[in-house]
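The values are calculated or read from the model by the stated rules, or taken from the named source; none is laboratory data. Bear in mind that the values here come from a model prediction, so they are computed numbers and not experimental data. All Cβ positions, even for glycine, are placed from backbone atoms using ideal geometry, and neighbour counts span all protein chains on display.
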Amino acid sequence: MEHHVWHRQHHALSQQLANHTLVYPSDDPNPEQSIPPGPLLLIDSTWQQSKKILRQSPWLAKLPKVHISPQRSYYTLRRNQIIGGLSTLEAAAHLIAARGDKQTSEKLVQFLLSFQAQYKKH
């Protein structure tokens with residue numbers, strides 16, 4: 001897993017990520033596709049921020065995209081503004097499961113549930 005800091009005009013970053021597939025919601029009513037091999041890019045931000053990032057980054061908008069069909073989100077610490085929208089961790093868990101590692105995917109979801117339960121206690 002790599003971590004990159006976004007900047008809308010970050011030319012070096014656009015070159016580094018040129019072979020990535022962007023995971024992003026779609027208005028398509030049937031968005032489920034097979035998850036392509038190779039590196040995937042997830043934008044870790046709020047929905048409002050991710051829309052702004054995509055809108056202000058022509059190089060990012062040009063990347064090939066894959067969409068996850070709407071799912072029920074388990075993330076309850078903030079409200080999802082997109083119906084069927086997932087947290088970054090949930091999207092990663094879905095992608096990991098789609099690539100065949102259901103055990104790791106389930107561990108990630110369990111971590112999210114455990115984290116939220118502990119967070120709500122404080």
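Brief remarks follow.
- Annotation: E90 fulfils all but one of (1) under 15 Å from Y24 (Cα atoms); (2) in contact with a Ser or Thr (Cβ under 8 Å, 6 or more places away or on another chain); (3) not in a helix (DSSP H, G or I); the unmet one is (3).
- Matching helices (runs of 4 or more DSSP H) fully within the stretch 1-66 where at least 1 residues are of a type in the set (S, T, N, Q) and at pLDDT 80 or above: 11-16, 47-55
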